[in-house]
Protein chains: 2
Amino acid sequence: MAPYLTEWRDRYQGKAPLILKPGSTDEVAEILQYANEKCIAIVPQGGNTGLVGAQIPDESGNQIVVSLQRMNHVRDVDLASNTMTVDAGLTLATAQQVAESAGKLFPLSLASEGSCQIGGVLATNAGGVAVLTYGNARELALGLEVVLADGRVWHGLKRLRKDNTGYDLKDLFIGSEGTLGIITAAVLRLFPRPMERVTCMAGLNDLAQAPDFFTRVHEASGAMLTAFEVLPRLGLEFVVKHAEKTRDPFPNTHPWYVLFELTSPRVGEEPRQLAETLLAKAIEQEEVADAVIAASLQQSQDLWRLRELMSEVQKFEGGSIKHDVSVPVAKVPEFIARANQLVELMIPGARPVPFGHLGDGNIHYNVSQPVEMDKAVFLSNWEALNAAVHEIVLDLDGSISAEHGIGRMKADLLPHAKGELAVELMRKIKASFDPNGILNPGKVLR
Amino acid sequence: MAPYLTEWRDRYQGKAPLILKPGSTDEVAEILQYANEKCIAIVPQGGNTGLVGAQIPDESGNQIVVSLQRMNHVRDVDLASNTMTVDAGLTLATAQQVAESAGKLFPLSLASEGSCQIGGVLATNAGGVAVLTYGNARELALGLEVVLADGRVWHGLKRLRKDNTGYDLKDLFIGSEGTLGIITAAVLRLFPRPMERVTCMAGLNDLAQAPDFFTRVHEASGAMLTAFEVLPRLGLEFVVKHAEKTRDPFPNTHPWYVLFELTSPRVGEEPRQLAETLLAKAIEQEEVADAVIAASLQQSQDLWRLRELMSEVQKFEGGSIKHDVSVPVAKVPEFIARANQLVELMIPGARPVPFGHLGDGNIHYNVSQPVEMDKAVFLSNWEALNAAVHEIVLDLDGSISAEHGIGRMKADLLPHAKGELAVELMRKIKASFDPNGILNPGKVLR
């Protein structure tokens, strides 16, 4: 049972009398009907990759884990409607492969895609690197099948772009982290497959130039722009120092980098020519200090590895205090400047490594410990630093959880961050959907 | 008061003791607080262009209309975040113009855009011709300000693409047709402005070829494909016969037509070349019988007029019984074939004119009366024909209201179409958000 009771970073552990692995929607329904009658708490679990503890039972030993992993079939692929209908337990990577085999793209892409499952991805409204063009998990699902707290099944597997028949129940379940129902299947949107993909990296002298540069690239490329990420010099140094087969692609150092990608559903030189034109102009106007365009698939993967390893390598530099936040794109430079100042005040010598999805305003504001400090002492600042950084985020009209959700980790922060009124509305919905409170209690709402 | 108590087609009329026109969110809040205390029913109204009667009070004379039209300011335009924040009473056409003045595109586009207002557009989750690429109104709003039934204000005007803090309240209010709260402002998404636009029309020998042709065009053009509409021969004949300055663009007749548009944010020949390549290949493969590509803005507008006038001209052919439905794209030909058969059985000689957004599976299945029949006699079949056509739609996993909503018109149909369980969940939400039932009673839920 151990793999179901702790998450991979060992941050949350729980106990459970048993793990149930239903093989069908009917079995999920039977479980919930019984649990609801007996008032037994249920913790739904997908690939157990969540970062806020939503998928882990508490330590009472009274909560039953329901793993969806055996429900992993593809129910239907519909090319003209650009949809596929899949069980909740299918991994994201498999879903991507099914789409590719059908000549289509399922664009959701996350670090955990090999393990995370469609049900979990939807329950947490996962984001990732392709949100700029394709949207979050929410925007990629047209319909759901959901087992309600009392075991009844809502059959909402519509494969329609347009359906204005009453309240949007689908989006209420998406992002509710298993507290309103258990998602057992979904209709996912498919897109034309990219035939060309050009990855570019640019060095910037000043982060303040990044939003304008993003705007210019976006205006010229439209939906061709599928990712626009920002990386700090220190993060790049960490990657190059600690990860094998990585190197700084530039001859000189730059305080900031952006990594972006243009794709096209047609074979041809268009994305590359556009990238060349945009970067040449940006260098001429001193908006960008230097730039590289990947000349091969290998070079493209090498550039992406610099971004993808940025979170992982931080562990080699000691403790890291993390934030998953978003602010309006234009305010990203102000946010990072203010947060960096705060960090230096609170923990002199601590080393901010803010990186992430600039095009979405979503910054993973991670802070590595001062070189000489004791790791445990540094990490004892976690909650105080979170609280102070979150105040800046809220002051800038941002979100204290851009991608990862609320779970156990941020449930106590929600009323302040979201407002008491929003939480009151959420409580009303929760009470009417799950009157016995059996679905993932203690998560999201406390 | 008359313009606020009847809708433009004269299908719904109501009475009201007064029309209130608040000038601010605070004034809306005061109205609702008072109404909630006294249990007075409120009917929110935008541009009064809705097609299902949601914006019209009942005939009791006890319901007060609250028009948002005086709240028509632009609060903010944020170019880097690609957002604008506007009051609910701004017309859609003005919102489009504000975006254009800022060098951006607000892509929502409807026949009623000169009059309809952002608040109403969101309350009904309006669709239109650009949903294929840009989505419905729901997908174009990042945040809302909403006055709740008791007069408290939910400040949800976030301009974030990523915000996973709890349940999705925004999408619950969007599409709820004023029954859960009154939307007073919204953060709308902006997109790069198209610099090239190519309009194409193709004649098809068989509607069954349309979904495959759509798939091929979509796969080659991706997000460049911003509209893909289908028109029947009879509809084209009605337009050419009754509307000035219109003509059939083809030398020969074809039973079906598709009208599609490719756009690009870059100046250049790419969309035109792509359209030429796609159409040449489709003609060679006999998927398309003939095709035209607009050579000028005037020609493009002329082609679009054939589509835009299709609903309006039907009045010159006597009575028309209408359906706003959607089915999965692949099933559009089957739906139309079965519905046409049914019409001929039920009303021999009646003339179906099904047209609409093929790329979304959204067909306006309109039926013109037999030439010699009395109009009133024909229209007396409205509900029976609706019911029978809706059964085909439901059998094909479609929606009985793709774009227009439920309002008064379809409230009685909802439990059968959506399922009793979904309606029960909706009732629970309604009861907890509006316990006194003052917000647009009798609409959506009855």
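Residues B:Leu236, B:Leu225: which one is under 23 Å from the mean Cα position of the chain (by Cα) and within 14 Å of chain A (Cβ to nearest Cβ)?
Step by step, each of B:Leu236, B:Leu225 is checked, and only B:Leu225 is under 23 Å from the mean Cα position of the chain (by Cα) and within 14 Å of chain A (Cβ to nearest Cβ).
Going by what's in this entry, would A:Ser296 be described as among the hydroxyl-bearing types (Ser, Thr, Tyr) and more than 25 Å from A:Pro211 (Cβ to Cβ)?
yes
All but one of (1) over 30 Å from A:Leu345 (Cα atoms); (2) in a loop (DSSP other than H, G, I, E, B); (3) within 11 Å of another protein chain (Cβ to nearest Cβ) hold for A:Asp397; which doesn't?
The one condition A:Asp397 does not meet is (1).
So which residues in the stretch A:326-351 are small (Gly, Ala, Ser), closer than 21 Å to A:Gly128 by Cα and open to solvent by 10 Å² or more (accessible area, probe 1.4 Å), if there are any at all?
A:Ala330
Would you point out the residue of the stretch A:205-222, among those that are polar (S, T, N, Q) and away from chain B (no Cβ under 11 Å), that is nearest to B:Pro192 (Cα to Cα)?
A:Gln209
Return the residue satisfying two criteria in turn: it lies in the stretch A:244-289 and is under 28 Å from the mean Cα position of the chain (by Cα) and among the hydroxyl-bearing types (Ser, Thr, Tyr), and of such residues it is nearest to A:Val313 (Cα to Cα).
So the residue we want is A:Thr246.
Of the numbered conditions (1) surrounded by 22 or more Cβ atoms within 10 Å (Cβ to Cβ); (2) in a helix (DSSP H, G or I); (3) facing another protein chain (nearest Cβ under 10 Å), A:Gly120 fails exactly one; give the number of that condition.
It is condition (3) that A:Gly120 fails.
Take the residues in the stretch B:267-277 that are part of a helix (DSSP H, G or I) and open to solvent by 30 Å² or more (accessible area, probe 1.4 Å); name whichever of them is nearest to the other protein chains (Cβ to nearest Cβ).
This residue is B:Glu270.
Sort out for me the helices (runs of 4 or more DSSP H) sitting completely within the stretch B:159-255 that have 1 or more residues that are without any contact (Cβ under 8 Å) to a residue 24 or more places away in the chain and closer than 24 Å to B:Ser311 by Cα.
Filter on the stretch B:159-255 gives B:233-242.
Quick one: A:Ile283 ticks every box in (1) in contact (Cβ under 8 Å) with a residue 60 or more places away in the chain; (2) touching a strand residue (DSSP E or B) at 6+ places or on another chain (Cβ under 8 Å); (3) over 30 Å from B:Arg216 (Cα atoms); (4) not in a loop (DSSP other than H, G, I, E, B) except a single one, so which number is it?
(1)
Take B:Leu90 and decide whether it is within 14 Å of chain A (Cβ to nearest Cβ) and buried (at least 17 other Cβ atoms within 10 Å of the Cβ).
no
Which pairs have Cβ atoms under 6 Å, sit 6 or more apart or on different chains, and link a residue in the stretch A:300-323 that is part of a helix (DSSP H, G or I) to one that is of a type in the set (Gly, Ala, Ser)?
Short answer, once both residue conditions are applied: A:Ser300/A:Ala294; A:Leu303/A:Ala294; A:Val313/A:Ala243; A:Gln314/A:Ser320; A:Gln314/A:Ser368; A:Glu317/A:Ser368.
Given the conditions (1) at the interface with another protein chain (Cβ under 7 Å from one of its Cβ atoms); (2) among the hydrophobic types (A, V, I, L, M, F, W, C); (3) surrounded by 19 or more Cβ atoms within 10 Å (Cβ to Cβ), which single one is not true for A:Leu421?
(3)
Scan the stretch A:42-68 for residues that are touching a strand residue (DSSP E or B) at 6+ places or on another chain (Cβ under 7 Å), within 21 Å of A:Leu188 (Cα to Cα) and in a loop (DSSP other than H, G, I, E, B) and jot them down.
Hits for the stretch A:42-68 are A:Gly46, A:Gly47, A:Leu68.
For the stretch A:248-266, indicate whether the set of residues that are open to solvent by 20 Å² or more (accessible area, probe 1.4 Å), on the phi < 0 side of the Ramachandran plot and within 14 Å of chain B (Cβ to nearest Cβ) is non-empty.
Yes: the stretch A:248-266 contains one or more residues that are open to solvent by 20 Å² or more (accessible area, probe 1.4 Å), on the phi < 0 side of the Ramachandran plot and within 14 Å of chain B (Cβ to nearest Cβ).
May I ask you to list the residues in the stretch B:168-201 that are open to solvent by 10 Å² or more (accessible area, probe 1.4 Å), more than 9 Å from chain A (Cβ to nearest Cβ) and among the hydrophobic types (A, V, I, L, M, F, W, C)?
B:Ile183, B:Met195
Need pairs with beta-carbon distance below 8 Å; first residue closer than 11 Å to A:Ser24 by Cα and within the stretch A:54-72, second of a type in the set (Phe, Trp, Tyr); sequence gap 6+ or separate chains.
Short answer, once both residue conditions are applied: none.
Test A:Ser368 against the criterion of being hydroxyl-bearing (Ser, Thr, Tyr), more than 14 Å from chain B (Cβ to nearest Cβ), in contact with an Asp or Glu (Cβ under 9 Å, 6 or more places away or on another chain) and under 26 Å from A:Lys315 (Cα atoms), and give yes or no.
yes
Considering only residues of the stretch B:123-139 that are surrounded by fewer than 22 Cβ atoms within 10 Å (Cβ to Cβ) and at the interface with another protein chain (Cβ under 9 Å from one of its Cβ atoms), which is nearest to B:Pro44 (Cα to Cα)?
B:Arg138
List pairs: first in the stretch A:331-352 and β-branched (Val, Ile, Thr), second open to solvent by 80 Å² or more (accessible area, probe 1.4 Å), Cβ under 8 Å, 6+ apart or cross-chain?
Listed by first residue and then by second, the contacts come to nothing, as the list is empty.
Looking only at the stretch B:140-151, decide whether some residue is outside any helix (DSSP H, G or I), without any contact (Cβ under 8 Å) to a residue 40 or more places away in the chain, under 16 Å from B:Val187 (Cα atoms) and at the interface with chain A (Cβ under 7 Å from one of its Cβ atoms).
No: the stretch B:140-151 contains no residue that is outside any helix (DSSP H, G or I), without any contact (Cβ under 8 Å) to a residue 40 or more places away in the chain, under 16 Å from B:Val187 (Cα atoms) and at the interface with chain A (Cβ under 7 Å from one of its Cβ atoms).
Of the residues that make up the stretch A:352-369, is at least one at positive phi and open to solvent by less than 10 Å² (accessible area, probe 1.4 Å)?
Within the stretch A:352-369 (the criterion being at positive phi and open to solvent by less than 10 Å² (accessible area, probe 1.4 Å)), the answer is yes, since at least one residue qualifies.
Got a sec? Which of B:Val389, B:Val444, B:Val377 is open to solvent by less than 20 Å² (accessible area, probe 1.4 Å) and either without any contact (Cβ under 8 Å) to a residue 24 or more places away in the chain or under 14 Å from B:Val343 (Cα atoms) (or both)?
Residue meeting the stated conditions: B:Val389.
Tally time: how many residues in the stretch B:42-87 are away from every other protein chain (no Cβ under 14 Å) and of a type in the set (A, V, I, L, M, F, W, C)?
10
The values are calculated or read from the model by the stated rules, or taken from the named source; none is laboratory data. The model shown is predicted, which means the values in this text are computed figures rather than measured ones. With ideal geometry, Cβ positions are generated from the backbone for all residues, glycine too; neighbour counts draw on all protein chains shown. To get the accessible areas, we keep the full protein, side chains included, count just its heavy atoms, and leave off ligands, DNA and RNA. Shrake-Rupley method; radii C 1.70, N 1.55, O 1.52, S 1.80 Å.
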